[in-house]
Every structure is written in structure tokens, then in C-alpha cells.
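Visitor: Dumping the structure here so I can ask a few things about it.
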Amino acid sequence: MTSPHSNSNRLSLLALLVTVGIVFGDIGTSPLYVMKAITGVNPGYDNNYIIGAISCIIWTLTLQTTFKYVIVALQADNKGEGGILALYSLLKKIRYKWLFVPAIIGASTLIADGVITPAVTVTSAIEGLETLNAEIPVLPIVMIIITLIFIIQPFGTGSIGKFFGPFMLAWFMMLGVLGIFHVADSPIIFKAFNPYYAFNLLLNHPAWFLILGAVFLCTTGAEALYSDLGHCGKRNITYAWGFVKVMLILNYLGQGAWLLNVEGHYVKGVNPFYAIMPDWFLVFGIFMSTGAAIIASQALLSGSFTIFSEAINLNFWPRIKIKYPGSHKGQLYIPLVNLFLYIGCIVTVFLFKTSSNMEAAYGLAITLTMLTTTLLLGFWMRYKGVKTWISISFMSLFLLIEGLFFVSNAFKFMRGGWYTILLAAVIFAIMFVWQKATKIRNKFIDYHKFDRHLDIISDISKDKEIPLHASNLVYISKSENPDEIESKVIYSIINKHPKRADHYFIIRVNYDDAPDTLEYKYEVLIPDTLYSIDLFLGYRIEPKVSVYLRQIIEDMVEKGKFNLTSNYPALKKRGIPGDFRFIIIHRHFSPSSNCLPFEKLVMQLYGYVCRIGITTEKALGLDTSNVTVENVPLIISRNAERRITPRN
């Protein structure tokens, strides 16, 4: 059987072109602001400062992006998918249960820092217009562009995406050519390939921490590169990165050479990226920069939708409305996430106003994502049988590098870093509460063995004294064991107004870690009466339970395993199918629960977080006219209940 990801991993010129367009938008727009941020730390620079800074960039891209992410992290794929939550999915079954904490820290900080990415890239691009006319209103233009980016999301990006590859190829070629034209200005810039100059700058410059904070911006898109593994495959990303890295380094070398050539005449606030462009090319350069910023923003949004979809399946986030626009397989659109990111971007632009101020806030949260990814990669290496000394060395090296980046970015906290940390804290809190509450709920749900109740269910189905509730009665179960069923489901069938039906279905929806899984299996528990069905859905699959049940029954009818015709005589002789009714059991935390204070707090917060999500019936794609919701209390008790006794 062909893997669903085999096509994305097939190496071809077309696949490489698509990869350049999808994967490298974030890291590919970093030349817009990195050197501007570095010169902002020390406008009165000398040769050693610029050469050392470029050396830091080259070796950061080599160690952080090439070695950690392209060579190592891309190997840690979960059935073709990448990213920190996909990585956690590979580890969640091992004994280190606490690993969910770094996983949700990494996911939260990645989303939070991503809020600022469209703002900083679009603003940096549009600020190029100020070189033409200082009176041009930058902020209104930025607002319009960002608004348009978010408005087009509900329509899907399949057709627009076809232009991403050719456009970004032209963008990277432009970066390389502009750099090549200027390296001759100061050929000594090639000394930057020697790591000595990077170490010398960081060891001797009093503001080394601010320099590192600015240098770090060149690799902020590395985590997004890993997250996009499922779109293009590791081979295409690896080969395409070779081209992208060369173009990026050429551009940084060109900016560095230009800065060395104008030493003593550099004007603070001038963006070297636009300064190396010829005057006649500037308008076209701004157009290209804006297009690249839009594509980088689009890649971020698509990645954010995927992260939330993964978080939902991992029980880190309540189920929210997910749409599947266009015909492109697996394309996601989440309205609530789109609105959240849009508001975050607009607030960012209003709050910081200039790209320089945004750069000051940018990078702090993403260092936490990289630290947590390193930690999980270390455990993954041990899980895969890599020698202990190798995995420890890997973790130590990158925890040290990223620890230094974190320290340097921590100085940005008061300058704006608090903004992304605050956003990350809110997202983390929701994920933590949802995960812990789900575990608490599952721990205190009472389950019964099916075998104990088969006889009575069979008798109820045949008992004509009990009114027929529905021809086919369907219960949604959350039991992970197919041999067990929630006691409340049994209570609903037997005790709570006994429900007679011709057929009973118990459906369990299993959310698979793989993105495109769409499978089922069924078991006949009572011939022609009770059926157990397991659905296996990937996180990119729309959960249309009603549709899938109909398809399963069609298969069963075709194989002679099920008779769909109604048992009402008037309907049976005409071959009319029986009706279906779904019953969902909702468990609400009872205030009378006798549990630990922490558990009570988590469950109370869980009640508020539930308001973010949609109802179970909507999440499962059920027709609400055929759904009955039965509310039952969830009583959590750590101590045996005291019995009332008779008075003598």
C-alpha cells in the first residue's frame, strides 16, 4: 500500500519548487530585519563588529537550522508529520508522562511568537516605502494588507498556493543576486566564515546579549520548517534548504559588505536590506518584499491551524469548529484561531508601531519552543536506541546554545517580550487545564464489562411492552477498551426510561496521530441487535460520524451482515429503512465532589474553558435533529461516602 506521504516525499523539480514556496517563508524573510536589528545595537560599529555579527549568523544557520532541524529533527517524523506536537505524539506512550508539559509549552510559545511574525514581516516590507517618501503612511497600509491576509483564509489557499513556489524562488534569487553585487564592496566580509570572529565578538563586546538577541532572528523560522515536514517531505526540505541557505548567506554577506563600505557614514535607522538595492530597483524590491511577507504570513497561519488540530486530537484543546476549504487534501481552516491571530497581529501593530519595536519583542517566546524541542528530541533519540552519550551530547550542546539565546532574548522582556510571553501563558493555561481535566474526568468515569449486560439488552430489544425508542439507537462512547462501556450508557439503555430499539450501535471515535487516517472496524456483540464500531480518524480528517456510519452500514448490508429495513410492518413491506437516533452522555462536574483542592480548581476552570469549544454533536458532525443529549453529574470522590444511619 502506498503511504499517503510518499508523494510529498518524492524528489522532483516541481516538488522542490513547491517546498521553496511553502516551507521557507518565515526564515526567508529574516534578511528584511536582522541586520537592521544588529546595527541598532551598535550604530557606531567597526569592521570586527560587522564581520563577527555575520559570522554569528552563518554559524547559527549552520548549527541551529541545518544540523539540529534539517539533519536531526526531520528524522523525527510521526508518519510523515513534523512539529513539536507530532514529536510528542511519538513519545506520549513511554514512561515519561510529564513530557506533555514541555510539549504544550513549546506549542504555546510557537503560536504566541507567531502572532508577531505577520506584523513584523509586513511592516518591515512596507517601511521600505519610506526610502521613497518619508511621508507615506506605513501603518494604514500594513493594517490593510494584514486584514486581507486573514480575510482570504475561509476561501482556502489552494489556487493562491500555486504561485508561492515561483514567487519565493524569484525572492531567494533576488536575495542572492543583491548580495553578490555588494560583496565586492568589502571582500574582507568573507572572514565571517571563520567562527573565530563570532566568538571574539561575543566574548569581548559588552552588549553580547543584545547582539545574540538580534542574531537569533535569522533562525526563528527553523521551528516552522520542522512543522511543515508533512507538506513537503524531508528529502525535498533538505535539498531545498541547501539552495535557500546559500541565498540567505549571500544576502547577509552583501549587507555586511555594504555596511563595512559605508563605515562612519551609516545613518542610524537605515535598513541595510533596502540600502543595497539600486534606486531604480527599489519599488520592485518593496513589491517583492511585501509578497514574501504575505507568503510567510500564510505559511504561519496554515501551520497554526495544523498545530491546533493536533492539539485537539491530543486532548490539549477543546474541540472547535474546523472547516476544510477547497479541494486540497488536508487543508484546514479554523475560524476561532484565525480571529485570535488576526486580533493579535492588529494589536501588535498598534502597540509597537514600527518594525524596530517589534524586533525588540520578537524571538523571546520562540527560544522556549526551541528549548522544549531539543528536550523532546533528546528523549526521542534515546527512544530510537541512539547511544546515551550521543543523545546527552546533542541535548547539552543545543540546550547551551539555545539557553544563551534565551538569556539574550530575556533582556527583551520589558521592551515587548512580555507581550508574547503573556499570549503564550494564556494558551499554555488552557492546554494544561484541558489536559489535566480530561485525565481527571477519565479517571473517575465508571466502566462496565459488556458481557454483563448482553442478555438484558437483547431482552429489551425483543420486549414489545417497552415503547420503541428508535429503529436504530446509536451511543457515542469514550471507552478506550472495546470490551467496556460507560456505566451511564448502560443506565441510559436499561434504567433511564428503558430504550427499546431494533439495533444498538456503540461508536468509539479514535483520533489517530497520522493526519489522513480514515478507517473503521466493527464487531457484532449480539447478532442482529448490538454492534460495536471503532472509527479511526486522522487530525486532518473532518469527523462526519453520521456520514461514516452510513457508509459502514452500506458495507455491512452489502456483505449480508445487517438488515437496514425498518421492522414496522407498513414500512418493512415497502423496504423503507429504519430511523436512526444518536444519544450523547454529557458529564458535568458536580460541586458536591469530594476531591483534592487542585482537582476542584482544574475542573472548575475546565467548565470555563469548555465555552471556547463547540458541542460534542457539532464536533462529530451529527444532525442535531436526530440527537438526544442526556446530562449526568460527574462526582469525583477521593473518600468513601459516609452512610446515614437510623436513630435509636
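Visitor: Between L571 and E480, what length in nm is gained on full extension when 0.36 nm per residue of separation is reduced by their alpha carbon distance?
Guide: Extending this stretch completely gives an extra 29.0 nm.
Visitor: Take the cross-link list K93/K234; K68/K97; K436/K544; K97/K488; K36/K353 and give me the ones stretching past 19 Å between alpha-carbons.
Guide: K93/K234; K68/K97; K436/K544; K97/K488
Visitor: Further question on the same structure: If each Cα of the chain is one equal point scatterer, what is log10 of I(q)/I(0) from the Debye formula at q = 0.08 Å⁻¹?
Guide: -0.66
Visitor: Here is a follow-up. Quick one: pull the percent of accessible area on the chain belonging to carbon and sulfur, 1.4 Å probe, ligands and nucleic acids left out.
Guide: Summing carbon and sulfur atoms, their accessible area is 62 percent of the total for the chain.
Visitor: Give me the 1.4 Å probe accessible area per residue for the chain, excluding ligands and nucleic acids, in Å².
Guide: Per residue, the chain has an accessible area of 44 Å².
Visitor: Calculate, in whole percent, how much of the Cα-Cα pair population of segment 545-644 lies beyond 23 Å.
Guide: Tail of the P(r) past 23 Å holds 53 percent of the pairs.
Visitor: Once the Cβ-Cβ distance between R452 and W389 is put in as r, and R0 is 51 Å, what FRET efficiency do you end up with, to the nearest 0.05?
Guide: That pair, R452 with W389, gives E of 0.45.
Visitor: Can you compute 3J(HN,Hα) from phi for each residue in segment 488-493, using the Karplus curve 6.51 cos²θ - 1.76 cosθ + 1.60 with θ = phi - 60°, rounded to whole Hz and x for Gly and Pro?
Guide: Taking θ as phi minus 60°, the curve returns 5, 5, 4, 4, 5, 6 Hz for segment 488-493.
Visitor: State the extension gain, in nm to one decimal, for the chain segment bounded by D46 and K353, taking 0.36 nm per residue of separation less the distance between their alpha-carbons.
Guide: That pair, D46 and K353, stretches by 107.5 nm at full extension.
Visitor: Calculate for the chain the 222 nm mean residue ellipticity that helices alone would give, adding -39,500 (n - 2.57) per DSSP H run of length 4 or more and normalising by residue count, nearest 500 deg cm²/dmol.
Guide: So the calculated ellipticity at 222 nm is -17000 deg cm²/dmol.
Visitor: Which ³J(HN,Hα) values, rounded to whole Hz and listed in residue order, are derived for segment 348-355 from phi using the Karplus coefficients 6.51, -1.76 and 1.60 in 6.51 cos²θ - 1.76 cosθ + 1.60 with θ = phi - 60°, glycine and proline given as x?
Guide: Those phi angles translate into 4, 5, 5, 6, 9, 6, 10, 5 Hz.
Visitor: Mind putting a number on the dipole of the chain about its Cα centre? Charges go on the C-beta only, +1 for Lys and Arg and -1 for Asp and Glu, and I need it in Debye to the nearest 20.
Guide: 1780 debye
Visitor: Calculate, for D528 and S487, the FRET efficiency according to 1/(1 + (r/R0)^6) with r their C-beta to C-beta distance and R0 30 Å; round to the nearest 0.05.
Guide: Once the sixth-power term is evaluated, E becomes 0.75.
Visitor: Using the Karplus curve 6.51 cos²θ - 1.76 cosθ + 1.60 with θ = phi - 60°, what ³J(HN,Hα) values do you get for each residue of segment 578-583, in whole Hz, with x for Gly and Pro?
Guide: x, 7, 10, 9, 9, 10
Visitor: Still on this structure: Tell me, rounded to the nearest percent, the portion of alpha carbon pairs in segment 304-397 spaced more than 19 Å apart.
Guide: 65 percent
Visitor: Counting other Cβ atoms within 10 Å, keep those with at most 15, restrict to DSSP loop, and tell me which trypsin sites (Lys or Arg not before Pro) in segment 573-648 are left.
Guide: Those that pass, being in a loop and sparsely packed, are K573, R574, R638, R642, R643, R647.
Visitor: Taking the simple approach of a point 7 Å from Cα along Cα-to-Cβ for both L203 and K464, what is their distance in nm?
Guide: So the two model labels end up 9.6 nm from each other.
Visitor: How long is the gain from I144 to R611 if the chain were fully straight, where each residue apart is worth 0.36 nm and the alpha carbon distance is subtracted?
Guide: 165.0 nm
Visitor: Which aspartates and glutamates, on any chain, are close to K521 with Cα under 19 Å apart, when same-chain ones fewer than 8 places away are left out?
Guide: Result set, ordered by chain and number: E480, D483, E484, D512, D513, D534, E542, E554, D555, E558.
Visitor: Estimate the FRET efficiency between K92 and I644 by the formula 1/(1 + (r/R0)^6), using the beta-carbon distance for r and 41 Å for R0, to the nearest 0.05.
Guide: The pair K92/I644 has a calculated efficiency of 0.40.
Visitor: Turning to a different aspect of this structure: Enumerate the amide H contacts of R500 below 5 Å, restricted to partners 5 or more residues apart or on another chain; note that Pro and chain-start residues carry no placed amide H.
Guide: Counting only residues 5 or more places away or on other chains, the set is H469.
Visitor: Using label points projected 7 Å from each Cα along Cα→Cβ, tell me how many nm separate D579 and Y239, to one decimal.
Guide: If labels sit at D579 and Y239, their model points lie 5.9 nm apart.
Visitor: Using a simple spin-label model with points 7 Å from Cα along the Cα→Cβ vector, what separation in nm is obtained for F281 and S396?
Guide: Using points 7 Å along Cα→Cβ, the separation is 4.6 nm.
Visitor: Using alpha carbons only, how many angstrom separate the centre of segment 352-372 from the centre of segment 86-144?
Guide: 8 Å
The values are calculated or read from the model by the stated rules, or taken from the named source; none is laboratory data. A quick note: this is a predicted structure, and the numbers were derived from the prediction, not measured. Virtual Cβ from ideal backbone geometry, glycine too; neighbours counted across all protein chains shown. Areas reflect the complete protein model, heavy atoms only, side chains present, ligands, DNA and RNA absent. Shrake-Rupley method; radii C 1.70, N 1.55, O 1.52, S 1.80 Å.
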